[in-house]
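As structure tokens, the structure follows; a few thoughts come after it.
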Amino acid sequence: MEYKLEQNTLTIWLEGHIDSANAPAVERELSDIRAEKPAESIVLDCERLSYISSAGLRIILRVKKAVPDTKLVNVSADVYEIFDMTGFTEMMDIQKAYRIISVEGCEVIGQGANGKVYRIDRDTVVKAYHNPEALADIHKERELARTAFVLGVPTAIPYDVVRIEGGGYGSVFELLNATNFAKLLIRGEKTLDEVAKMSIDLLKIIHSTEVKPDSMPSMKQIALHWADFLKDHLPADQYEKLHALIAAVPENNHMMHGDYHIKNITRQGEENLILDMDTLCHGHPVFELASMYNAYCGFSELDHEVSERFLGISHDQAVAFWKKSLMLYLGTTDESVIRSVEEKAMLIGYTRLLRRRIRRDGYASEEGRREIECYKAHIADLLSRLEDLTF
């Protein structure tokens, strides 16, 4: 048997058949491995286990008795049925294997900070997570999506978890003939003004939805962490004012998407739905606008091709879309009011961008240092003029 010990967890790979003929040998080998690598918890990986008899089940019980923190993972459907019929699934943690799907050659219909959404077929899409160990993130997103759905927010609900061929995990959604807002613009099916209006109409539904504070993260607390990270990278007076401005934003229990842009909104028939819901949170709308500013303007400020790669539209189109969206959200054409709110969103946006670039080893390259100095200059300029972040 193959096995490994990491952080006091012993993983052992079971393989083939375990029945009365080989059960004694299997049990001796398991005992030898446990004696050589004592551990507080055991994971029996059953990906290559094709059958287990009652004799094998008794071995599992004895391992469980010796090491109470024992679980089985990657159990095939046929083997899982054996465990289920014999009541083992009620006695211990037994996790089914995830079916494997390929996204090779599939159309990308959505994109966010943590993954890409691919169309698998006419009815089905899958969000493939960038993080190869994303199971915790997937379960978190499923809970957030359910919460939003129950509260009446138009969301796509994941119904299955899969392994992505080549590595990583994904969530499967049913989205019949859905098209993201970016494609509507690119194909000319809707004008920029029409897409902006649909986007803001949906955003206002999200922002009008009140949530229990403990059901979703607080965006204010996340933004404070961004500011705290910059304590050693900004002059003391700038850091203190930045932190104070964010801390002074009132608590707000209304829902936010957290990564709202045209690649994360899809149109299915006459209904508009949000995707990529692992960033759902609650807070003041200035934090949402900061995220939107970055998506349409901030990320592509120094490299306009980023808009084309990320959103599929030109930088000029993205900036125009941001301006139109902000005007519609605020419900005014007063340039002074629009600019005032924009600057507040920009300060939070550049705080995030600066932290992000520094964390990605930005000081190690000329391009990174140029970005860092640009974001620092923006933050210094905005701090010199802003006295609050609310509107």
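The values are calculated or read from the model by the stated rules, or taken from the named source; none is laboratory data. Please read these numbers as outputs of a predicted model, since none were measured by experiment. We place every Cβ from the backbone using ideal geometry, glycine too, and count neighbours over all the protein chains shown. Side chains included, ligands, DNA and RNA excluded: accessible areas come from the protein's heavy atoms. Shrake-Rupley method; radii C 1.70, N 1.55, O 1.52, S 1.80 Å.
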First in segment 272-296 and without any contact (Cβ under 8 Å) to a residue 60 or more places away in the chain, second anywhere and among the acidic types (Asp, Glu) and surrounded by fewer than 23 Cβ atoms within 10 Å (Cβ to Cβ), Cβ under 8 Å, 6 or more apart: 289/342; 293/342
Residue in segment 116-128 that is open to solvent by 20 Å² or more (accessible area, probe 1.4 Å), over 25 Å from residue 198 (Cβ atoms) and within 18 Å of the chain's Cα centre (by Cα) present: no
Conditions (1) in contact (Cβ under 8 Å) with a residue 40 or more places away in the chain; (2) under 32 Å from the mean Cα position of the chain (by Cα); (3) closer than 17 Å to residue 15 by Cβ: number failed by residue 79: (1)
Residues satisfying the stated conditions in segment 294-329, i.e. hydroxyl-bearing (Ser, Thr, Tyr) and surrounded by fewer than 20 Cβ atoms within 10 Å (Cβ to Cβ): 314
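Step by step: first the residues of segment 275-292, then only those that are within 21 Å of residue 109 (Cα to Cα) and of a type outside the set (A, V, I, L, M), then the one that is modelled with the lowest pLDDT. Which residue is that?
Taking the candidates together, the pick is 276.
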Among residues of segment 231-273, those that are surrounded by 12 or more Cβ atoms within 10 Å (Cβ to Cβ) and among the acidic types (Asp, Glu), counted: 2
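Find the residue count for segment 51-69, including only residues that are closer than 18 Å to residue 38 by Cα and either part of a strand (DSSP E or B) or open to solvent by 20 Å² or more (accessible area, probe 1.4 Å) (or both). Steps first, answer last, please.
Step one: filter segment 51-69 for residues closer than 18 Å to residue 38 by Cα, giving 59-69.
Narrowing the set further to residues that are either part of a strand (DSSP E or B) or open to solvent by 20 Å² or more (accessible area, probe 1.4 Å) (or both) leaves 61-62, 64-66, 68-69.
Matching residues across segment 51-69 total 7.
Being over 18 Å from residue 84 (Cα atoms), in a strand (DSSP E or B) and either open to solvent by 70 Å² or more (accessible area, probe 1.4 Å) or not hydroxyl-bearing (Ser, Thr, Tyr) (or both) is the filter here; which residues of segment 18-42 pass it? Don't jump to the end; show me each part of the working.
Residues of segment 18-42 over 18 Å from residue 84 (Cα atoms): 20-42.
Filter once more, so that each one left must be in a strand (DSSP E or B): 41-42.
Of everything in segment 18-42, just one residue is over 18 Å from residue 84 (Cα atoms), in a strand (DSSP E or B) and either open to solvent by 70 Å² or more (accessible area, probe 1.4 Å) or not hydroxyl-bearing (Ser, Thr, Tyr) (or both), namely 42.
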Any hit, segment 336-355, residues being in contact with a Lys or Arg (Cβ under 8 Å, 6 or more places away or on another chain) and open to solvent by less than 10 Å² (accessible area, probe 1.4 Å): yes
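Residue-wise test of (1) crowded, with 19+ Cβ neighbours inside 10 Å; (2) under 20 Å from residue 282 (Cβ atoms).
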{"residue": "146", "(1), (2)": "no, yes"}
{"residue": "155", "(1), (2)": "yes, yes"}
{"residue": "168", "(1), (2)": "no, no"}
{"residue": "196", "(1), (2)": "yes, no"}
{"residue": "214", "(1), (2)": "no, yes"}
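Give the residue that is nearest to residue 273 (Cα to Cα), with candidates limited to residues of segment 94-123 that are among the charged types (D, E, K, R) and not in a strand (DSSP E or B). Give the derivation first.
Taking segment 94-123 and keeping what is among the charged types (D, E, K, R), we get 96, 99, 104, 107, 116, 119, 121-123.
Filter again for not in a strand (DSSP E or B), leaving 99, 104, 121-123.
Numbers: 99: 26, 104: 25, 121: 18, 122: 17, 123: 15 Å.
Among residues in segment 94-123 that are among the charged types (D, E, K, R) and not in a strand (DSSP E or B), the one nearest to residue 273 (Cα to Cα) is 123.
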Residues (out of contact with any helix residue (DSSP H, G or I) (no Cβ under 7 Å at 6 or more places or on another chain), free of Cβ contacts under 8 Å to residues at least 24 places away in the same chain and under 27 Å from residue 198 (Cβ atoms)) located in segment 337-364: 339
Hey, residue 302 at pLDDT 95 or above and in contact with a Lys or Arg (Cβ under 8 Å, 6 or more places away or on another chain) or not: yes
Conditions (1) small (Gly, Ala, Ser); (2) more than 29 Å from residue 172 (Cβ to Cβ); (3) touching a residue at least 12 places away in the same chain (Cβ under 8 Å); number of the one not met by residue 314: (3)
